[in-house]
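Everything on this sheet refers to the single structure shown next.
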Amino acid sequence: MKELFPIKQVNGFVFSLLLTIVALSVYFFDMSFQLGMTILLVTAFIQAGVQLIIFMHAGESEDKGTIYTSTIYGVVIALFTVFGSLLAMVWGYM
Amino acid sequence: MEFFERFAVPHPSPLIYASMVAIGLVIIAIIAGVSYFKKWGYLWNEWLTTTDHKRIGIMYIISALLMLFRGGADAVMMRLQTSVPDNTFLDAQHYNEVFTTHGVVMIFFMAMAFVIGLMNFVVPLQIGARDVAFPRLNAISFWLYFAGAMLFNISFVIGGSPDAGWTNYYPLASNDFSTSVGVNYYNWALQISGIGTLMTGINFIATIIKMRAPGMTLMKMPMFTWSALITNAIIVFAFPVLTIAIIMGTLDRQFGTHFFASTNGGMDMMWANLFWVWGHPEVYILILPAFGIYSEIIATFSQRNLYGYKSMVGSMVIISLLSFLVWVHHFFTMGQDALTNSIFSITTMAIAVPTGIKIFNWLLTMWKGKIHFTVPMLYSVAFIPLFTIGGVTGVMLGVASADYQYHNTMFLVAHFHNTIIPGVVFAMLAGLTYWWPKMFGFMLNEKIGKWAFWFLTIGFCFSFFPMYITGLDGQARRMFTYSEATGFGPLNMLSFFGAGLMAIGFVIIVYNIYYSFRYSPRNVGDDPWNARSLEWATHNPVPEYNFAVLPQVESSEAFWDYKKKGHKLFPDSIKKIHMPNNSGLPIIMSGLFFIFGFSFVFYIWAGVIISAIGIFACMAYRSFEKDDGRYISAEEIKETEDKFGGAGQ
């Protein structure tokens, strides 16, 4: 019975609920914009990671390397795009 | 009648009316011709519903050639208009529409289609696969591209062309400054064909990762396949940005949002930013496959293996990453501070390093090689110096402080044509000539091909080198005319002369296709060029199933090993082969997408809703459809192989 019980998935499910509750706290508690956004961003990225690894089985097949490489590449490109745009349009704009 | 008034051309001229008549006549002629020769069944069964990657590739290439002539006609019109001062051949509005159409057609519907067409035809053959990973998706990709291209091409006779440049900058492209439906056409045509391109990207990554012949590790792939893999990775990461930017533009124009407005919290330059976040990787989407083609051709006709295989791959990977880090160099003059511009200036210069490595690798491949100056090789040899000039002027433009002088002048126009024409167009023509016998089983005439090459190359030099000078003298791009006092006249006339030579070159290419089709010998064998990579291990023209027996590979030059080193390429015996079925769904669905886009352009909501329901119905049908493909029996394969003389066994 123990072998059949999906302990990893159940833990993952509880953890993702926990992350949702933490994210939801931003709405219910009075906090500064910066703190709220930080909490939201951090929980969002952890949440995405939990989904990808536990529920979409990213690390379980022989394609592991390919999947992680393309995911990380995608994240890197997205970060470059977002921060590059901020640099060009806001921070570095005279 | 009020309903139909919206379709009127807002700024008509006799030329546009003549085009309307011509388009009508051509459509009637095509329908009449196909009916007269009773070819509807053939056309539908063999081509329109095909899922064969080779036929889809050929359809891409035919469409690309058609678009090349559309865009080329626009180019000649522009050069004619600016050939003498104060010319009145086109007025300002028409000139705007012509240069916008030229840019969009050439980049999206000519170059992209040509690149994807050659990838479609060649990549599965080079990796020893029967087809791409998702053949049905591949057909949808093509038909979506075709629907987008046709939607864009009818804009100038129905409702008016877009006129805000191929970069479509806001606020110029907003409703305030572009009042006709032109920019709507731009949005929907690119959106629809962009979906197709994105699916091609996914399809080819899956194909190359998953379907390589036994023994072909990543570092044993032919160079063109490597370039295709990297290109498609760039497509998958870059195109979503364009999709989102175009959706925001559409919302602005058709639903009253203010993403790119200059009021109400909008940022008009955000369009330029997002456009180039996609736009610069797009440049490498076009040039990397071209690099791959040159690598194949130069190795084949130097009779040597490609010099520096690993550094070729490495430099392409570096280029693909750097291509996402340079986009701000397209608008250095927008108003960023010096630090921001310096960062993007440095990343821009950095791209010259891997590109330089590739140039030296090609030179060293030719070094001490036995060079055969065939038509594909001539294009490749001309590419190296001409592209280097384009690259060096690119570095000049990349110097942010100096860019304030060059920005928006003909110097820039000369630069990017100097990279795109010897880079992409020459590569496509070279690749087409090189793989032509694989497609059709006969060669293009070498002598006529060389005439075309010289007309194109000399025409290119006459056409674009004068622009460097007029650009430095201050001639702005996209300026529909100029006064005699500027002194731009003679050099612009020279440019027009060059454009004429290039036009003659393209006509010679068409004549060459006709001539070779009529008179070229059909017994060219399977290896007319003494080539090296795997696609030449099967017959010319390639049978439906590509390889009767799956090849076993040990290096990136499997066919050369087979010819010279006694490598056993086909160890197995012939067995039945599983192939995908044809399907009419892709063309029907794309037809619905065309109606969807057209209705959206003109705010015809009934058409939008009905075609959207149709599109979803097609998807639902596909979800429940059971299609296990079909088998070609071993006897049938043996029969076909015997017809080819049983070679390749």
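Every number in this text was worked out from the coordinates using simple rules, so none of it is lab data. Just so you know, these numbers come straight off a predicted model, no measurement behind them. Here Cβ is always computed from backbone atoms with ideal geometry, including for glycine, and neighbour counts include all displayed protein chains.
A few points about this structure:
- Scalar couplings 3J(HN,Hα) for segment B:580-587, obtained by applying the Karplus form with A = 6.51, B = -1.76, C = 1.60 to θ = phi - 60°, are x, 7, 5, 8, x, 4, x, 6 Hz; x denotes Gly and Pro.
- Using alpha-carbon coordinates, inclination of helix B:135-153 to the longest axis of chain B, degrees: 30 degrees
- Principal axis dimensions, largest first and in whole angstrom, of segment B:497-649 by Cα: 65, 58, 31
- Per-residue mean of foreign Cβ neighbours for B:262-271 is 1 (Cβ atoms of other chains, 10 Å radius).
- Proportion of all alpha-carbon pairs of segment B:435-477 beyond 12 Å (%): 70 percent
- Between B:TYR603 and B:LYS638, the FRET efficiency estimated from the beta carbon spacing at R0 = 41 angstrom works out to 0.10.
- Average other protein chain Cβ within 10 Å of Cβ, residues A:77-84: 5
- Chain B: angle of helix B:269-302 to the longest principal axis, Cα-based, in degrees nearest 10: 30 degrees
- Span from the segment B:1-37 Cα centroid across to the segment B:148-170 one, whole angstrom: 16 Å
- Normalised alpha carbon radius of gyration of segment B:328-474 [divisor 2.2 N^0.38 Å]: 1.24
- Charge dipole (debye, nearest 20) of the protein assembly as shown; +1 at Cβ of Lys and Arg, -1 at Cβ of Asp and Glu: 1880 debye
- At q = 0.26, 0.28 Å⁻¹, base-10 log of I(q)/I(0) for segment A:1-56 (Debye sum, equal scatterers on each alpha carbon): -0.98, -1.05
- Here, segment B:1-288 yields an orientationally averaged convex hull projection of 18.0 nm² when only Cα atoms define the hull.
- You can think of it this way: the chain between B:VAL76 and B:ILE384 has 108.3 nm of extra reach, that is 0.36 nm per residue less the Cα-Cα gap.
- Leading residue at positive end of dipole, the protein assembly as shown (Cβ point charges), from B:GLY103, B:ALA213, B:VAL510: B:ALA213
- Cross-link pairs exceeding 24 Å between alpha carbons, from the set A:LYS8/A:LYS64; B:LYS368/B:LYS563; B:LYS220/B:LYS568; B:LYS39/B:LYS638; B:LYS210/B:LYS575: B:LYS39/B:LYS638.
- log₁₀ of I(q)/I(0) at q = 0.09, 0.11, 0.12 Å⁻¹ - the protein assembly as shown, Debye sum with one point per alpha carbon: -0.89, -1.36, -1.60
- Most positive-pole-ward Cα, B:GLY500, B:PHE455, B:MET443, against dipole of segment B:428-502 from beta carbon charges: B:MET443
- Each peptide in B:357-368, A:63-74 gets a packing score, the mean of other Cβ atoms within 10 Å over its residues, and the list from highest to lowest is B:357-368, A:63-74.
- Distances between placed amide hydrogens fall under 5 Å for B:THR409 paired with B:ARG477, all partners being 5 or more residues away or on another chain.
- Folded to 0 to 90 degrees: helix B:338-366 orientation relative to chain B principal axis, Cα: 30 degrees
- Centroid-to-centroid, using Cα positions, segment B:518-561 and segment B:616-645 are 22 Å apart.
- Segment B:568-649 has equivalent-ellipsoid semi-axes of 45, 14, 9 Å, by the square roots of 5 times the alpha carbon gyration tensor eigenvalues, sorted largest first.
- Relative pair counts by distance (%), Cα atoms of chain B, 10 Å bins: 3, 15, 26, 28, 18, 8, 2, 0
- Ranked by how many other beta carbons lie within 10 Å on average, peptides B:553-566, B:483-496, B:91-104 from highest: B:91-104, B:553-566, B:483-496
- With contacts taken as Cα pairs under 8 Å and at least 6 residues apart, chain A reaches a relative contact order of 22 percent.
- With each label modelled as a point 7 angstrom along the Cα→C-beta vector, the B:LEU218-A:LEU35 pair spans 4.5 nm.
- Relative packing of B:10-23, B:427-440, which averages over residues the other C-beta atoms within 10 Å, highest first: B:427-440, B:10-23
- Number of partner chain Cβ atoms within 10 Å, mean per residue of B:159-167: 0
- Which of B:ASN546, B:ASN530, B:GLY489, positive extreme of dipole for segment B:466-561 (C-beta unit charges): B:GLY489
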